[in-house]
1. From the list Thr557, Thr512, Thr526, which residue is at pLDDT below 85, polar (S, T, N, Q) and in contact with a strand residue (DSSP E or B) (Cβ under 9 Å, 6 or more places away or on another chain)?
2. Name the pairs whose Cβ atoms lie under 8 Å apart, with the first residue in the range 138-154 and under 18 Å from Arg167 (Cβ atoms) and modelled with pLDDT of 75 or more, the second open to solvent by 40 Å² or more (accessible area, probe 1.4 Å) and polar (S, T, N, Q), and 6 or more positions between them or separate chains?
3. Name the pairs: first residue in the range 653-668 and open to solvent by 80 Å² or more (accessible area, probe 1.4 Å), second residue of a type in the set (Phe, Trp, Tyr), Cβ to Cβ under 9 Å, at least 6 apart or on different chains?
4. Condition first: of a type in the set (Phe, Trp, Tyr) and assigned to a strand (DSSP E or B). Now tell me which residues in the range 146-164 satisfy that.
5. Pick out the one residue from Ile715, Ile693, Ile672 that is touching a strand residue (DSSP E or B) at 6+ places or on another chain (Cβ under 9 Å), free of Cβ contacts under 8 Å to residues at least 60 places away in the same chain and closer than 22 Å to Ile610 by Cβ.
6. Look at Ile391 and say whether it is β-branched (Val, Ile, Thr), farther than 30 Å from Asp689 by Cα and open to solvent by 80 Å² or more (accessible area, probe 1.4 Å).
7. Could you check the range 413-443 and list, in sequence order, the residues that are in a loop (DSSP other than H, G, I, E, B) and over 18 Å from Ile493 (Cβ atoms)?
8. With a cut-off of at least 3 residues that are more than 17 Å from Cys420 (Cβ to Cβ) and open to solvent by less than 40 Å² (accessible area, probe 1.4 Å), name the strands (runs of 3 or more DSSP E) lying wholly within the range 479-570.
Amino acid sequence: MAPLAPHRKRKQPIKEKSSDGSDSEHFPDGGLDLLSGDEDEDGPVQESDSDGVDAFPEIDAGSDTDEEGEQSPRDDDDSSESEEGGQDDEDALSDDDLHIFPRAKTAISDITGHPKKVYPEIEPDYDSDSSTEDAPNRVGNVPLHWYDDLPHIGYDVDGKKVLKPARGDELDKFLKTVDDPSAWTSAFDKNTQTDKPLTAEELDIIRRLQSLENPDASYDPYQPTVEWFTGKGKEEVMPLSAAPEPKRRWVPSKWEKQKVMKIVRAIRQGRILPSKPKTTSSQREFFAIWNDEPSSVHAPPLPAPKLRLPTHSESYNPPEEYLPTEEERKEWESTEKEDRERDYLPQKYSSLRLVPAYDQIIQERFGRQLDLYLAPRIQRTKLNIDPNSLIPKLPSPNTLRPFPSYKSLGFAHVRGRVRCVSISPDGAWAVSADEEGIVCLWEVIVGREVKRWSLGEKVGAVDWCPRTDVSFFVVGTEEKLHFFIPPNLPPAILTATRALLNPATLPSTPATPSLVKWVDLPKVPTLETPLLSVELPPSSGLVKHVAWHRKGDYFATVSSGGGQGGVWIHQVSRRHSQAPFKKIKGSVQLVLFHPSKPHFFVATQRYVRIYNLAEQKLLKMLIPGIRWISSMDVHPSGDHLIVGGYDRKLCWFDLELNDKPYKILRYHSRAIRSLHFHPSYPLFASSSDDGSIQVFHARVYSDLLTDPLIVPLKILRGHDVRDGLGVLQVKWVPKHPWLLSTGADSTVAVWCH
């Protein structure tokens, strides 16, 4: 007998069950083998996954031959045995001969005392569809990102949360790939939260997709072309057709038919009346359109332009002064018609009856029609705005005094460009240095030179210590920093300065060694040589910027070369130097200390970064939009910053608002070289290669809702442009509204009010 197809029903005759309770009458003679569609006749029998045993349907053995058309060899054997054995063999059959279930054992029940059959437990194979296996998916068909922030991934049968399996970090994943060479051939399954290995076919598909190939391995890109349009009898054989559908395929819609018939019945019953035909009248009707009230929705039409009233020159008998002379007549006739002041010549007639017909009547009527045709249809309101009212109201510069307005005196170096200048905290002394290595100390008030040092190498920066209890300045050269003490100091200040720079007992060596060396040059202190020198690491280059902390113990330097961006922070009291950055993006141009907070400003070519030195983290990055930053200065309040660049832009930043500039000023025609805020007056200045100095009034209010007041005050010109370079640096005198400027013409100018 052939195997039974699943879910197939046959109509069976109803038979009563035998009195002995056996089910042998329900099966054909010789027994029955149950085979699934996935097994062969000799394969193992797959057990059911249900706990109970369903009743097997009754089968007519004779109907299989008619419907199936063939029998298996097993069925032939069974039928032959049934014919030979007869009815006695059918009664002798048992469950052991059927082999439907595993062989049962007979045991005596402890409860009833009667014999019972005990079947062994079913052990499902790996491929068995058993309900006892744990379902890997515990969430169902729901988005898995719902469980991203939860520690579990679903629930078990008892309703308890199933926690996500522990997954290591990226380092653990990397170590796993090292230990397991086949780890790269697996993929993470979000449903089961496990890594599933990929088959060879899936890996081949991935390789083909990465190589931009067809994922189907059996695809042949070089298969022969099918000639659709070539050959006899193939002219009209097309794979596709754009011919419209024939009308015989159109089937009318019964719903549209019902809708149309409903309208037809309504017309027949008189419920829908057609529109009445208009009665034609032979009389013409007229409407007074001007009697209607003007509409409140639409604006009334504009009146037509009026004709120009005639003047005295157009009279038939004008006064003598309106009649043209002979020269004026010839000039009028020789002029082009479009260029004539008027299109007629005044003429005089003794009486009105002698006036001829007007020969320009057609041209005038045509011109009038053009005026009416081209007349505006809409009345537009024209705004009469004074351009001067759009200019912001700024206070007069005379009300914002004092500010420098003229050149008071000048100090000249022998030769070389004067690149840097610095002023003492009391404002009495100024020190300037040129590219030839000459450092000059002179008085600000009279411009008298007091002392000169010749270093023999190029000087890139000079800056005075901001402390008032000591007095010295730092000069930056090639890979060195020199500390100089000015002459004529009071004994108390001189003693304190020497004790700071050259103490009797040197501070202890810090635990972290530094590449920077602090060297005491003279054994006997003199004013001719520096009292202390700092040797920077080799290949550091020229020191191009020096910035002091407000307390005067720390100062930062920026060199043109070297590692860590060329930035070093030095502490004078401990004689220790350290590089704040191991690696920094971009080339550092200059650095600044915040006036009141432990913040550090670092300006690269295009960005300004603000660091917190106490917490050692980046606070903010400012984007000025400048191609190359050349100068920078912070307001004494610490809430505002100005940045200048070689592309002539001056950007004002409000550090409390945004990382973009609050205002961009463009007052210079060439590159900006220097910027400086006045420490006490609301002033700041900018210098440029165009040889000019711009002085601005910059008032910052304590009210955060009030914007800063920036007013340009004065343009100072007094330096000559040499080799494309103008004013290189500007510095304010601390206690006066005076300004010092250095230029490429080897001079230092003092500007006063």
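The values are calculated or read from the model by the stated rules, or taken from the named source; none is laboratory data. Note that the structure is a prediction, hence the values are computed from the model and not measured. Positions of Cβ are backbone-derived with ideal geometry, glycine not excepted, and every protein chain shown enters the neighbour counts. The protein model used for the area step is the full one, side chains on, heavy atoms only, and it has no ligands, DNA or RNA in it. Shrake-Rupley method; radii C 1.70, N 1.55, O 1.52, S 1.80 Å.
1. Thr512
2. Leu144/Asn191; Gly154/Asn137
3. As it stands, the answer is Lys660/Phe653; Tyr667/Phe696, since those pairs meet every condition given.
4. Tyr155
5. Sole residue among the options that is touching a strand residue (DSSP E or B) at 6+ places or on another chain (Cβ under 9 Å), free of Cβ contacts under 8 Å to residues at least 60 places away in the same chain and closer than 22 Å to Ile610 by Cβ: Ile672.
6. no
7. Scanning the range 413-443 gives His413, Val414, Arg415, Gly416, Arg417, Glu435, Glu436, Gly437.
8. It comes to 532-535.
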